[in-house]
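Participant: Just passing along the structure, written as structure tokens.
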Amino acid sequence: MVGFWVLTIVVVTFATVQSLFGVGLLVFGTPTLLLLGYSFESTIAVLLPASITISFMQVLAGKQHIGDLKKDILIYCVPLIVLGLTLVLTKVIAVDMKVLVGVLLLSTGMMRLHKGIQGWLASWLKRNMKIYIMAMGLVHGLSNMGGGFLTVLVTSIYDDKESMRANIAYGYLIFAAAQLIVLRIRNTGSLS
């Protein structure tokens, strides 16, 4: 019963953050649950349904602001999310999730806070967006931490908050749906 309340508090807290700021549930919920001792598979099985619900509502509210990025996410990102998650779940790639998630949190934090990195990245993204989107998909499949990279991408493309929020929500919706489908196909016990 203690586990239920811990999960409820984590999901409600970070779902609230996501509904207010556009990010939060996966970015902060994943490391929190991993640090609390939950497996990666259980962590995503708990967080994905709430993430899908919030993202779906945000997409409906801002659908007129969703741009051309939606096609690139489907074509270039989703296959690599599926590949990365499958590699982790089948243990083809054995990763210390706590270390990987920590490194990715620090990386996205540096990308968001360092003006020099932001300028270089914005310039690089214009020439290599599809490569970035593919890498983002693989990162998300392997770690559930592609949302930070999605935020960096979207904020480098769009200037207004409505477009940023709607496109980030769309990306999260697609990310979570792809992962949930992989979990369902693998018929893991974490969704029972």
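Participant: Could you please give the count of residues in region 94-128 that are in contact with a Phe, Trp or Tyr (Cβ under 9 Å, 6 or more places away or on another chain) and more than 30 Å from Gly37 (Cβ to Cβ)?
Facilitator: Adding up the residues that qualify gives 3.
Participant: Tally up the residues in region 18-38 that are open to solvent by 40 Å² or more (accessible area, probe 1.4 Å), over 24 Å from Arg184 (Cα atoms) and either part of a helix (DSSP H, G or I) or not aliphatic (A, V, I, L, M) (or both), please.
Facilitator: So the answer is 4.
Participant: Looking at Ile93, Ile117 in this structure, which one is at pLDDT below 90, open to solvent by 20 Å² or more (accessible area, probe 1.4 Å), assigned to a loop (DSSP other than H, G, I, E, B) and of a type in the set (A, V, I, L, M)? Before the answer, list the steps.
Facilitator: Working: Ile117 fails: assigned to a loop (DSSP other than H, G, I, E, B).
On inspection, the qualifying residue turns out to be Ile93.
Participant: Oh, and also: Go through the residues of region 96-107 one by one and say whether even a single one is more than 16 Å from Gly141 (Cα to Cα) and of a type in the set (Gly, Ala, Ser). Before the answer, list the steps.
Facilitator: So the first thing to find is which residues in region 96-107 are more than 16 Å from Gly141 (Cα to Cα), and the list is 106-107.
Still in the list and also of a type in the set (Gly, Ala, Ser): 107.
Yes, region 96-107 contains a residue that is more than 16 Å from Gly141 (Cα to Cα) and of a type in the set (Gly, Ala, Ser).
Participant: So, in region 36-61, exactly how many residues are closer than 16 Å to Val23 by Cα and polar (S, T, N, Q)?
Facilitator: Of the residues in region 36-61, 4 are closer than 16 Å to Val23 by Cα and polar (S, T, N, Q).
Participant: Same structure again: Filter region 109-154 for residues that are under 26 Å from Leu180 (Cβ atoms), in contact (Cβ under 8 Å) with a residue 40 or more places away in the chain and not aliphatic (A, V, I, L, M) and give the result.
Facilitator: Passing the criteria: Lys130, Gly137, His140, Gly141, Ser143, Asn144, Gly146, Gly147, Gly148, Phe149, Thr151.
The rows are residues; the columns are (1) hydrophobic (A, V, I, L, M, F, W, C); (2) touching a helix residue (DSSP H, G or I) at 6+ places or on another chain (Cβ under 8 Å); (3) open to solvent by less than 20 Å² (accessible area, probe 1.4 Å).
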residue	(1), (2), (3)
Leu121	yes, yes, yes
Met129	yes, yes, no
Gly146	no, yes, yes
Ile157	yes, yes, no
Ala178	yes, yes, yes
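Participant: May I ask you to verify whether Arg165 is open to solvent by 10 Å² or more (accessible area, probe 1.4 Å), farther than 21 Å from Pro79 by Cβ, in a helix (DSSP H, G or I) and out of contact with any strand residue (DSSP E or B) (no Cβ under 9 Å at 6 or more places or on another chain)?
Facilitator: Working: open to solvent by 10 Å² or more (accessible area, probe 1.4 Å): yes; farther than 21 Å from Pro79 by Cβ: yes; in a helix (DSSP H, G or I): yes; out of contact with any strand residue (DSSP E or B) (no Cβ under 9 Å at 6 or more places or on another chain): yes.
Criteria met by Arg165.
Participant: Across region 96-114, what is the total count of residues that are outside any helix (DSSP H, G or I) and either at pLDDT 75 or above or in contact with a Gly (Cβ under 7 Å, 6 or more places away or on another chain) (or both)?
Facilitator: Total satisfying the criteria: 1.
Participant: Is it the case, given these coordinates, that Ile81 is open to solvent by 70 Å² or more (accessible area, probe 1.4 Å), β-branched (Val, Ile, Thr) and under 16 Å from His140 (Cα atoms)?
Facilitator: no
Participant: Which one of the conditions (1) surrounded by fewer than 17 Cβ atoms within 10 Å (Cβ to Cβ); (2) among the charged types (D, E, K, R); (3) part of a helix (DSSP H, G or I); (4) out of contact with any Pro (no Cβ under 8 Å at 6 or more places or on another chain) does Glu41 fail to meet, given that it meets all the rest?
Facilitator: Here Glu41 clears every test but (1).
Participant: Please indicate, with yes or no, whether at least one residue in region 122-138 is more than 15 Å from the chain's Cα centre (by Cα) and not in a helix (DSSP H, G or I). Please lay out each step first, then the result.
Facilitator: First, pick out the residues of region 122-138 that are more than 15 Å from the chain's Cα centre (by Cα): 122-131.
Of the ones still in play, those that are also not in a helix (DSSP H, G or I) are none.
Within region 122-138 (the criterion being more than 15 Å from the chain's Cα centre (by Cα) and not in a helix (DSSP H, G or I)), the answer is no, since none of the residues qualifies.
The values are calculated or read from the model by the stated rules, or taken from the named source; none is laboratory data. Not measured: the values here are computed from a predicted model. Virtual Cβ from ideal backbone geometry, glycine too; neighbours counted across all protein chains shown. Accessible surface areas use protein heavy atoms only, side chains included; no ligands, DNA or RNA. Shrake-Rupley method; radii C 1.70, N 1.55, O 1.52, S 1.80 Å.
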